[in-house]
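Here is the structure we will look at, set down as structure tokens.
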Amino acid sequence: MIEFGHGTHVGMRRTRNEDTYYADASLGLFLVADGMGGHEHGEVASALVRDVMVERVTGGSSLNEAVFEAAKQLAERSHESTDPYPMGTTIAAVRLNEWEYEAAWVGDSRIYLYNQKLRQLSHDHSLVQALVEAGRLDPARAARHPQRNVLTQALGVTGADHLHLGMAGGKREQGLSFLICSDGLSENVSDTSMARIVSRTDLSAQECVDHLLLDALDHGGDDNITTVLVRLR
């Protein structure tokens, strides 16, 4: 059995919400996309990628095939636009079948896996993460680095030949939970607080999501906040 909760909030400082998400237990597809762009705005990019992902996965495509097709269509849409700034979006997605799970991501929207403890399954495609991996930045300072929001990969912005799709997967097991979120959550809520909320068996998945959103707002809410929590019962 799959139990899930989902929610999004514009935040305290933004006038529009450029995040989008999708959650469908029957299809086994759960995703979050955080858009960015020019006059057409990021909500167009994130919605387009969401719709292509759903269409392709419904049609039998694998998760990585769906992401690359979404990137292709977004690049074509951006190329047709007269806006000098390309539309782009992150993507973080989980697909569940009867036996396994697969995860895919581009950008800094995140996927966490909870199984007695919380760990980040995805790896940010960001300048700060690249500096950490190169040994040029102390990981303890990464969360407050002034360039922490600079992405090295994004759908619609990174060319298809240079797009690096993060992938992970594993066996589907009872008790696993997946937390998928935009950086509006991960920037404002610590991993410790996320784990404390996600681990609460007295709360439904939707109630956990509501608590996560409120926690992010209480800690500033300076960006759009979106999260999907999936529990395997």
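Assorted remarks:
- GLY37 passes every criterion in (1) at pLDDT 95 or above; (2) more than 25 Å from GLY170 (Cβ to Cβ); (3) not hydrophobic (A, V, I, L, M, F, W, C) apart from (1).
- The single condition from (1) of a type outside the set (Gly, Ala, Ser); (2) at pLDDT 95 or above; (3) under 19 Å from ALA25 (Cα atoms) that TRP105 fails is (3).
- Test: ARG144 is in a loop (DSSP other than H, G, I, E, B) and either crowded, with 20+ Cβ neighbours inside 10 Å or modelled with pLDDT under 80 (or both): yes
- Taking strands (runs of 3 or more DSSP E) as the structural unit, those lying wholly within segment 7-125 and holding at least 2 residues that are crowded, with 21+ Cβ neighbours inside 10 Å and in contact with a Ser or Thr (Cβ under 8 Å, 6 or more places away or on another chain) correspond to 19-24, 29-36, 91-96, 100-106, 110-114.
The values are calculated or read from the model by the stated rules, or taken from the named source; none is laboratory data. Remember, it's a predicted structure, so these values are computed and weren't measured experimentally. We place every Cβ from the backbone using ideal geometry, glycine too, and count neighbours over all the protein chains shown.
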